[in-house]
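Quick notes on the structure that follows.
The values are calculated or read from the model by the stated rules, or taken from the named source; none is laboratory data. Bear in mind that the values here come from a model prediction, so they are computed numbers and not experimental data. As a convention, Cβ positions derive from the backbone with ideal geometry for all residues, glycine included, and neighbour counts pool all protein chains shown. Just the protein is used for accessible areas: all its heavy atoms, side chains included, with ligands, DNA and RNA removed. Shrake-Rupley method; radii C 1.70, N 1.55, O 1.52, S 1.80 Å.
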Amino acid sequence: MQNLLANLDSVFGLIALAVIAFCDTLIGIGFFIFGEVAFLAAGAAYATHGLVLPALIVLVFAWLGDATSYYLGATYGQRWSIRYLRQQKR
């Protein structure tokens, strides 16, 4: 987390925050990605240096991950549940 905090003023650090926040809120992948690192790093950057951009990036990409998960569930959820959950009912 120290390296992430040191690189928050660079493009690579902001992209890393965005990818971590998006993957944490995406359905299926979110079980394996710990997005708390990105959320805490953005909060620490705001508290120590007053940087607002990392917090905004984390909020926007977390919302985009939730919206993408909702879209995937609304579009493919019934088909996937019929395909995979029907076998479990037997």
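Rolling a 1.4 Å probe across all protein chains gives Ser81 an accessible area of roughly 40 Å².
For the chain, the Cβ-based charge dipole about the Cα centre amounts to some 800 debye (Lys, Arg positive; Asp, Glu negative; other atoms uncharged). Solvent-accessible area per residue in the chain equals 73 Å², computed with a 1.4 angstrom probe and all protein chains kept. Using just its DSSP H runs of length 4 or more, each adding -39500 (n - 2.57), the chain gives a mean residue ellipticity at 222 nm of -25000 deg cm²/dmol after division by all residues.
Relative to the longest principal axis of the Cα atoms of the chain, helix 36-49 runs at roughly 20 degrees. Tyr46 sits with roughly 130 Å² accessible to a 1.4 Å probe, with DNA, RNA and ligands left out of the calculation. Between Trp63, Leu17, Gly77, the Cα set farthest toward the positive side of the dipole of the chain (charges on each charged residue's Cβ, about the Cα centre) is that of Gly77.
For Val19, the solvent-accessible surface with a 1.4 Å probe is about 80 Å², rounded to the nearest 10.
In sequence order, segment 19-25 has phi-based couplings of 5, 5, 5, 5, 5, 5, 9 Hz under the Karplus curve 6.51 cos²θ - 1.76 cosθ + 1.60, θ = phi - 60°, and Gly or Pro positions carry x.
Ordered by 1.4 Å accessible area with all protein chains kept, Asp9, Asp66, Asp24 run largest first as Asp9, Asp66, Asp24.
Relative to the longest principal axis of the Cα atoms of the chain, the long axis of helix 53-85 makes an angle of roughly 10 degrees.
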